[in-house]
Amino acid sequence: MLILGIESSCDETAAAVVRDGREMLSSVISSQIELHRPYGGVVPELASREHLAKIDPIVDAALEKAGVLLDEIDAIAVTQGPGLIGALLVGVSYAKSVAYGLNIPIVGVNHIEGHIYSIAFENPVVEYPAMALIVSGGHTNLFFIPEEGKYKVVSRTRDDAAGEAFDKVAKMLGLGYPGGPIIEKLAKGGDASRYRFVKAKISDGTPDFSFSGLKTAVSRRLSEEPPESEKDIADIAAGFQQSVVTALVSTMEKQAAEYHPRTLIVAGGVACNQELREAAESAAARLGLPVYFPSKHLSTDNAAMIAAAGYFHLRSGRRAGLDLTADVTLRLQNIDLPANGVSRSRKRFRT
Ligand code: KG4
Ligand code: ZN
């Protein structure tokens, strides 16, 4: 089945052609980073206009690169949410008009589920139950996935997303946008042990994350002791990054020990971060589990992951009607798996 994937939830206009959910024939991305850079973040109105201008040429480019004609496409998968309303509407409306014109099925995909499927192209087939840490500019969630398509939110952020924290701290340090890659680069030459920042965790005993306290700690440090050299900035970047990575990976490791997944997945824009990858690999080795990451091209927003997730839904018989609409707060269905029922459920899901 040839699926055309379309993604426009934030600041990337993307299209991809994917065969049978795992073979990527093309993935074309038009990034708006330069457009938003002067503002230090995404400006929604500018994003919508840019999506509108780019979507048609990007879809054409994806078809051409795949060597596929539009009428050879069997179905369309489009990001339905969460994301920016104007941005999402461009992709959804475009996808519906193409599906209608070709008289082929269309399915709406949750963007976060898309990130989970970003590992589908370069890794072995996922064995369930799985556990997925999705860390991006808009989301930070740890999911337990007892079987394909079923999700329990084990941990989430109570405030900022991990990538957002990278972006905001970079802004405080006067480093530019997006902050993640810049902080990572600077942190390489820094000493993470010089400034020990608070852990990016909530302190009420739940496994939830919290990045606002960490952000405040960095801000306080900057006003109390303004950095005087590149070395000072590098040490702050390293200390901050270590605090984020430790919170993410120690939570994943602890929860994996409780939920007993067979596979670990780490995806989303922040999964580009090498420190995070190495820490997750060490945790997976301690747990004796495989951990799958997308390559960097597939870690940040793209449409191949949307097509891969869409393939799962289409194969399961799901179809959207032409009343499909953007849903800014779309959530992944959160199944009810009581914490004390974990071992019971585990048995159930393993049979
Ligand atoms: O997945 P993504 O492209 O967009 C969302 O769905 O949000 O993620 C973008 C986020 C940005 O916040 C960016 O700073 C962060 O991913 N990011 C990184 C790195 N590369 C991108 N964060 C940490 N280290 C990196 N190397
Ligand atoms: Zn994303």
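Quick rundown of the values:
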item	result
Index of the failed condition, ASN141 passing every other in (1) within 14 Å of ligand 1 (Cβ to nearest atom); (2) at pLDDT 95 or above; (3) closer than 22 Å to PRO44 by Cβ; (4) open to solvent by 10 Å² or more (accessible area, probe 1.4 Å)	(3)
Segment 114-138: number of residues that are within 12 Å of ligand 1 (Cβ to nearest atom) and of a type outside the set (Val, Ile, Thr)	6
Segment 150-159 - residue that is in a loop (DSSP other than H, G, I, E, B) and within 13 Å of LYS201 (Cβ to Cβ) and, of those, most open to solvent (accessible area, probe 1.4 Å)	ARG158
Residue match in segment 216-224 (condition: open to solvent by less than 50 Å² (accessible area, probe 1.4 Å) and either among the basic types (Lys, Arg) or not in a helix (DSSP H, G or I) (or both))	no
Which numbered condition GLY86 fails, given (1) more than 27 Å from VAL125 (Cβ to Cβ); (2) in a strand (DSSP E or B)	(2)
Residue tally, condition in a helix (DSSP H, G or I) and farther than 15 Å from VAL135 by Cα, over segment 243-260	7
Qualifying residues in segment 274-288 (those that are surrounded by fewer than 20 Cβ atoms within 10 Å (Cβ to Cβ) and among the small types (Gly, Ala, Ser)) - the one nearest to ligand 2 (Cβ to nearest atom)	SER282
Any chance ALA271 is open to solvent by 10 Å² or more (accessible area, probe 1.4 Å) and among the small types (Gly, Ala, Ser)	no
In segment 82-113, residue nearest to ligand 1 (Cβ to nearest atom) [restricted to those that are surrounded by fewer than 21 Cβ atoms within 10 Å (Cβ to Cβ) and among the aliphatic types (A, V, I, L, M)]	ILE85
Residue within segment 325-337 that is part of a helix (DSSP H, G or I) and either within 16 Å of ligand 1 (Cβ to nearest atom) or open to solvent by 10 Å² or more (accessible area, probe 1.4 Å) (or both) present	no
Unique match (being at positive phi and either free of Cβ contacts under 8 Å to residues at least 12 places away in the same chain or away from ligand 1 (no atom under 16 Å from the Cβ) (or both)) among GLY288, GLY268	GLY288
Of all residues making up segment 3-35, the number that are open to solvent by 10 Å² or more (accessible area, probe 1.4 Å) and farther than 20 Å from PRO105 by Cα	11
Identity of the residue in segment 48-72, touching a helix residue (DSSP H, G or I) at 6+ places or on another chain (Cβ under 7 Å) and open to solvent by less than 30 Å² (accessible area, probe 1.4 Å), that ends up modelled with the lowest pLDDT	SER48
Condition check for ASN302: within 20 Å of GLU164 (Cα to Cα), within 15 Å of ligand 2 (Cβ to nearest atom) and not assigned by TED's automatic domain parsing to the domain that holds ILE134	yes
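The values are calculated or read from the model by the stated rules, or taken from the named source; none is laboratory data. Predicted, not measured: the structure shown is a model, and the values here were computed from it. A quick note on method: Cβ atoms are made from the backbone with ideal geometry, for glycine too, and the neighbour counts reach across all protein chains shown. Note: accessible area is taken over every heavy atom of the protein model, side chains too, but ligands, DNA and RNA are not part of it. Shrake-Rupley method; radii C 1.70, N 1.55, O 1.52, S 1.80 Å.
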